[in-house]
Amino acid sequence: MTLTDRAREALNRLLEMFRTGDLPAAVARTVIRAKTGYERPSDRWSLGNRLLMYLAGTEDARGYRQWEEVGRHVKKGAKAFYILAPTTRKKTVKEREVDPETGEEREVERERTVITGFRCVPVFRYEDTEGEPLPEADYNPPEPPPLFDVARRFAGDVKYKPFVGRYYGYFSPARDEIVLSTHDARTPSFTNWPTPSITR
């Protein structure tokens, strides 16, 4: 598959999300960021690239060397997926501006960075690497949502994790935890939400 084919495939996947209407809810409710000090390279990616990462079934993806820098290595045989990065160049442009002192209009030359196209960049999922464990990112909201203390009475732990395209939140009886993938307090109903018990 050529780089052009890969770029077209990535764009088609994003366009399909817009076409089916799956994108707006995900964007409006689930894009949460890690707190300062816990950032990942993908936190600086465009929304489109982060959606491609979620479609790949992971919440952390990086280039080969980026994984090596944090002590992890891509497993043998692992396949990359591709994100899109802009290609840029410097360009001198002529612009008109008003001299603040004289009020006269004049023409000036300025150097601007312009996007000339896009290139495919291979990245690998966390799940396809091995090595040093990474610190767990802190995705907790600045303030806990309403009834947060009530939720903790029904589960041993309540934690936040990024949205990966499967759920907005869930309750795991086996791990006795509630996991939320959005800071929006109006999150839709959860699957397997614990039934309140007066004995607990």
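Taken together, the values in this text are just the output of simple stated rules run on the coordinates, not laboratory data. Quick caveat: nothing in here was measured; it's all calculated off a predicted structure. With ideal geometry, Cβ positions are generated from the backbone for all residues, glycine too; neighbour counts draw on all protein chains shown.
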Item checked: Every residue from the stretch 57-89 that is touching a helix residue (DSSP H, G or I) at 6+ places or on another chain (Cβ under 7 Å) and among the small types (Gly, Ala, Ser) -> Ala61, Ala78
Check: Looking only at strands (runs of 3 or more DSSP E) that fall completely inside the stretch 53-159, which ones have 2 or more residues that are under 23 Å from Asp5 (Cα atoms)?
Finding: 81-98, 105-125
Check: Can you tell me which of Pro133, Pro144 is surrounded by 12 or more Cβ atoms within 10 Å (Cβ to Cβ), under 27 Å from the mean Cα position of the chain (by Cα) and not acidic (Asp, Glu)?
Finding: Pro144
Note to self: Of all residues being without any contact (Cβ under 8 Å) to a residue 40 or more places away in the chain and of a type outside the set (Phe, Trp, Tyr) in the stretch 44-61, which is surrounded by the most Cβ atoms within 10 Å (Cβ to Cβ)? Just the residue, please.
What the structure shows: Leu51
